[in-house]
Amino acid sequence: MFRVKFVVIFIALTVGIIAFPQQTSKSKRPTSIFKNKLFNLELPDNATTIRENIIDTFSCKDRIYGYYADIENECQIFHVCLPHGKSSTRWSFICPAETRFNQATFVCTLTENSIPCEQSEQYYTLNEEIGKIENKEHTNNTYVPEWETETNTTKPFIKIAQDSRRKKIQP
């Protein structure tokens, strides 16, 4: 009789453990700093200290993969668009204080070193160059960047990048 009770209790406990798994402890991962889901943007919590009035109307619909300055947010925000099938995914980023996304160079730069924000849309086509591999001829196994050759017709974003590297920013 004692054995039967023991077997019944053992089976009941086993079924209970299997049927009701233990709650896992809270994740030990650090809390995300991207809690500020302003509209559909996942920006850092301090995004509104950089820009108070954030507008969320930018769409990646019908855009190729690339980086896009958000003109409505005065280029302080930029987006990365990734099309897949009939839809697309958008990741949004905010530039540090006192900088703007420079569509010509795909980086956040000081406003005075950047193209005017309202002209950014003219440079969206530079996204077509992302991932392209160009055939370059090498002489004497020495690589010479395209922008350093005299016969080159310098692309706008390369010229701006060169100019910004040559400028010395004074405090």
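The set of residues in segment 64-78 that are in a loop (DSSP other than H, G, I, E, B) and in contact (Cβ under 8 Å) with a residue 60 or more places away in the chain comprises 64, 65.
Look at residue 105 and say whether it is modelled with pLDDT under 95 and of a type in the set (Val, Ile, Thr). Spelling it out, it is not the case that residue 105 is modelled with pLDDT under 95 and of a type in the set (Val, Ile, Thr). Suppose the filter is surrounded by 15 or more Cβ atoms within 10 Å (Cβ to Cβ), part of a strand (DSSP E or B), in contact with a Gly (Cβ under 7 Å, 6 or more places away or on another chain) and not hydroxyl-bearing (Ser, Thr, Tyr); does residue 81 pass it? Judged against the criteria, residue 81 is a match. For segment 51-87, a residue qualifies if it is under 26 Å from residue 132 (Cα atoms), over 14 Å from the mean Cα position of the chain (by Cα) and of a type in the set (Ser, Thr, Tyr), and the qualifying residues are 59, 87. May I ask you to verify whether residue 64 is more than 25 Å from residue 47 (Cβ to Cβ) and either loosely packed, with under 13 Cβ neighbours inside 10 Å or of a type in the set (Gly, Ala, Ser) (or both)? No, not satisfied. For segment 92-117, a tally of residues being in contact with a strand residue (DSSP E or B) (Cβ under 8 Å, 6 or more places away or on another chain) and not in a strand (DSSP E or B) returns 10. So in segment 91-102, with the set limited to residues that are modelled with pLDDT under 95 and crowded, with 19+ Cβ neighbours inside 10 Å, which one is nearest to residue 66 (Cα to Cα)? Filtering first and then ranking leaves 92.
The values are calculated or read from the model by the stated rules, or taken from the named source; none is laboratory data. Everything quoted here is computed from the prediction, not taken from an experiment. Note that we place each Cβ from the backbone using ideal geometry, even for glycine, and neighbour counts take in every protein chain shown.
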